[in-house]
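All remarks here apply to the structure that follows.
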Amino acid sequence: LWHNGGDVKASAPLALVAYERRALAPIVDALTKGETDYLCAMADSVDEAHVARSSGIAERLGKTAKQTSRIRDKMLREGIVISVRHGELMFNIPYLREYVKKGRDTQSNAALVQQWRL
């Protein structure tokens, strides 16, 4: 049972780490290096409206939009990103942008479980 707001504050970061490990890590692990690079470039290209332009992503990768279209299309097909308008994308999975930006966490599963104090 939750007794006060402190319980929520203490457990929310742990819940996010668990979500990253169980939901986000398998998605990212299944991607090729080129696909991961694309998502990282997209994460760095997102504006204040949470939108990234395909041209900006390609530019960060040092490629043309045409050269990155295969990867973009795969990300769209798999539902990892969505198209909001022609040439504009958004992440479609909660917290995926933050996850790819920060890289892989090296904390062990055992250390994570110990933090829960179950």
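Since every read-out is calculated from the coordinates, none of them should be taken as a lab result. As the structure is a computational prediction, the values presented were derived from the model and not from experiment.
Observations, loosely collected:
- Proximal lysines relative to LYS102, as straight alpha-carbon distance under 22 Å, when same-chain residues fewer than 8 apart are discounted: LYS9, LYS33
- All-pairs alpha carbon distance profile, the range 1-89, 5 Å steps from 0, percent: 3, 13, 20, 19, 14, 10, 8, 6, 4, 2, 1
- The phi torsions of the range 69-85, fed into the Karplus equation with coefficients 6.51, -1.76 and 1.60 and a -60° offset, translate into couplings of 5, 4, 5, 4, 4, 5, 4, 5, 4, 7, x, 6, 10, 10, 9, 9, 7 Hz, rounded to whole numbers, with Gly and Pro shown as x.
- Residue-by-residue Karplus 3J(HN,Hα) for the range 22-39, coefficients 6.51, -1.76, 1.60, Hz, glycine and proline x: 8, 10, 7, 4, x, 5, 5, 4, 7, 8, 6, 4, x, 5, 5, 4, 4, 5
- Under 5 Å, built H, 5+ apart or other chain: amide partners of VAL84: LEU89, MET90
- Residue-span extension gain [ALA23 to ASN92] - 0.36 nm each, minus C-alpha spacing: 23.5 nm
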